[in-house]
Each structure stands twice: as C-alpha cells, then as structure tokens.
There are 2 protein chains.
Amino acid sequence: MAKNLLAKNKLTILYGLCLAVLLLLLKWLELKLVIVNNAYEVYMGAIAVFFTALGIWLALKLTKPKTVIVEKQVYVNNGPEFTVNQAEVEKLGLSKRELDVLQLMAEGLSNQEISERLFVSLNTIKTHSAKVFEKMEVKRRTQAVEMGKRLCIIP
Amino acid sequence: MAKNLLAKNKLTILYGLCLAVLLLLLKWLELKLVIVNNAYEVYMGAIAVFFTALGIWLALKLTKPKTVIVEKQVYVNNGPEFTVNQAEVEKLGLSKRELDVLQLMAEGLSNQEISERLFVSLNTIKTHSAKVFEKMEVKRRTQAVEMGKRLCIIP
DNA sequence: TTCAAAATCACCCTAAAGTATGAGCCCGGA
DNA sequence: TCCGGGCTCATACTTTAGGGTGATTTTGAA
C-alpha cells in the first residue's frame, strides 16, 4: 500500500519535473537562441509528441495487470502405505503444532478434547486451528481434514 | 483483423486531426488575438496536459489488457474405484437420505450447504445428521466422517 | 545479541452445530 | 384399515466452532 503510493508519487514528481525542465528549456531557447516566430508549430508539435509519449508510458506503467486464475489439476495418489507428504506440509507452511492439531481434528476430536490431549488451553487450539484453516484456505475443520487426507498430510 | 486495423487508422487519423486543429487554433489565436509573450508557458502547459491525457487515452484504448495468469492447483483424487460397503450400511441401519447427508458431510460441507444441495431445509439436515450420529454412536460430524471412511461407507 | 516466527493465552462476538421435542405427509406391509 | 418407518419441517435451546484482536513468552536462526 505504502510502496504503491510512493511509486505513484515518484511518477507524479517525475512528471512534474519533466514539465518544469521542458518549460525551462523553452525559456532558455527563447532567450539565448534565435527563435523564428514561424517555428512555433514545430515546438508545439514536439511538445505534443513528447507528452503523448509520456502519457502512453504513464498509462502502460500505471495500469494494473488483470489477473486470470487458471485451475491446474494435480493428481494425488493415496496408496495403502502412508508417509507424511513433507513437501506439501512445507508448501502450506504448517508448523508442528498446527499439524498436531490437524491430526487430532481428523480423529474427530473437539477443540476442547484436543486442548486436553495437548495440555494447552482451548483458546490456544482455536488459534492453531484458525491458522490451519487460513493456511489451507478452507473454512471448516471438516474441509481441512478432507484436504489433509488428500494431500497425504494426515493418514 | 481488418476491423482492428481500421480502428487503429481511425484513431491515428483522429489524432492527426486533433494536432492539426490545435495548431490551427494556435495560429488563429496568434493572428487574431493579442497573445502576451509571457503566456507561452500557459499554452505549453495546456498542450502538455492535453496530449498527456490523449496519450493515456490512446494507450488504454489500443493496448490489449495486460493479463497475468496465475495457476491455482486443484487437488484431485484418482484412487481406485470405491464401492460402498452395503453390509455395514445395513448393519448401522442408515437410510438412503442419511447416507446422502453423511457423504456431503465428508466433503466438508456445512449443514446449510447440504440443505441447499439436497433442496431441503436446514432443520431437515439437522434431523438427519442427529439420526446419523445416533445410529453411528458418535457425537460429532468429524467422528461420523472418520468412522464412515473406516467402514468404507463413504469414499 | 537481535530479530522473527512460533507458541501460548485471553476476551468478545457471531455463526454453525447439535439436542430435544413435536408434528404432518407418504408409502408399503400386516 | 391401521401401523411404522422414512422424510420433511418447525421452534427453542445449549454447546461448539470460528473470526478478530491483542498480548506475552519461547525459541531458533542470522
């Protein structure tokens, strides 16, 4: 957010500076060189071309790219032998404790029961589960368990 | 393709016309009105602003919208075919509707979503789920799903 | 040592899940 | 015809889950 504003301000400042420099240049030309009155149009044209280019450049720089989300199917094998898919765990960024909570969730325990099993408070389990849901991009514990099993994170 | 070219030419012509008109206007002003020499900068500024706007407009009109393709992975289970363990279902005494509800539960759906999927009210789903829990002798939906999978009642 | 992430816990509030009870409708079997 | 089971829905209530925020402590890596 802050960076974006900075970038925009940078461009605005740059733009203002360009204008100022151009005007100074014109003034200088007016004072130091012989300006034929008939050459007005040339200057006008030059300015027009320059600022058109600047406008185009600005537009190209400032327009946000449109994002298109393409779903890519990934097939998951769920053979009889279970081994924790460590790669998936790391990809999701799940910590040890979060994984513990997810496993106990998958066993059908309530948050209260999980907290008793792990010797921590109910609030702690709520925090962990919330983080799990956030990282796995799900809304409910049932979905988290579903996904966890598919990804071989839990048996 | 042809239409595209036509459109581009149209814009180019329009652009050229704009420039010509502007120059004519300036010439006219120069000839017919009193132009204070000190007002140069004002005209320059006006031209700059106008052509910058024109450039931005041109860029926005002519460029194809920038697209960034983001691949989102969707995990799909392609395990061996699943066959319902009918014997277990009968042993538990689960009705067809109760089995439907259990299956959708296993997919991580909320009671609300299940009710919408089956075109019945939320209360009906609550009744079904309560009966499922009673028949399966579990306390929570997560436990029901766990047991259902173990008994091969659901995939 | 210092810094960031992980882990812990609390409080408040809303949403969802689950419990209990009652009731109406439909269908197939006794 | 009557009965029971399955399915539907409702109301009222309690419990659990989940969201949001903020705080403290622990710990591991730079």
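The values are calculated or read from the model by the stated rules, or taken from the named source; none is laboratory data. All values derive from a computational prediction rather than experimental measurement. Glycine gets a Cβ as well: all are built from the backbone with ideal geometry, and neighbour counts include every protein chain shown. The protein model used for the area step is the full one, side chains on, heavy atoms only, and it has no ligands, DNA or RNA in it. Shrake-Rupley method; radii C 1.70, N 1.55, O 1.52, S 1.80 Å.
Spin-label model, B:Gln112/A:Arg117: points 7 Å from Cα along the beta carbon direction are separated by 2.8 nm. With both labels modelled 7 Å from their Cα along Cα-to-Cβ, the B:Lys135 to A:Ser95 distance reads 4.3 nm.
With label points set 7 Å from Cα along Cα→Cβ, the inter-copy distances at A:Ser121 are 4.1 nm, sorted shortest first.
Buried accessible surface for the B/A pair, both sides summed and rounded to the nearest 100, is 4800 Å² with a 1.4 Å probe. Sites listed here are GluC sites (Glu not before Pro) in the range A:90-155 whose DSSP assignment is loop and whose Cβ has at most 12 other Cβ atoms within 10 Å: A:Glu137.
Annotation: amide H of B:Tyr75 within the under-5 Å range of A:Val74, sequence separation 5 or more or interchain, hydrogens built in the peptide plane. Between B:Thr127 and A:Gln86, the distance separating the two model label sites (each 7 Å from Cα on the Cα→Cβ line) works out to 5.3 nm. If the limit is 25 Å between Cα atoms, which of B:Lys72/B:Lys139; A:Lys96/B:Lys131; B:Lys72/B:Lys149; A:Lys139/B:Lys72; A:Lys72/B:Lys96 go over it? The pairs that break the limit, which is 25 Å between Cα atoms, are B:Lys72/B:Lys139; A:Lys96/B:Lys131; B:Lys72/B:Lys149; A:Lys72/B:Lys96. Take each residue of peptide A:142-150, count the partner chain Cβ atoms within 10 Å of its Cβ, and average: the result is 4. Residue by residue, the range A:86-96 carries 3J(HN,Hα) couplings of 4, 4, 5, 4, 5, 4, 7, x, 7, 7, 4 Hz when phi is fed to the Karplus relation 6.51 cos²θ - 1.76 cosθ + 1.60 (θ = phi - 60°); x denotes Gly or Pro. Nonpolar atom fraction for the range B:76-155, defined as the carbon and sulfur part of the 1.4 Å probe accessible area, stands at 52 percent.
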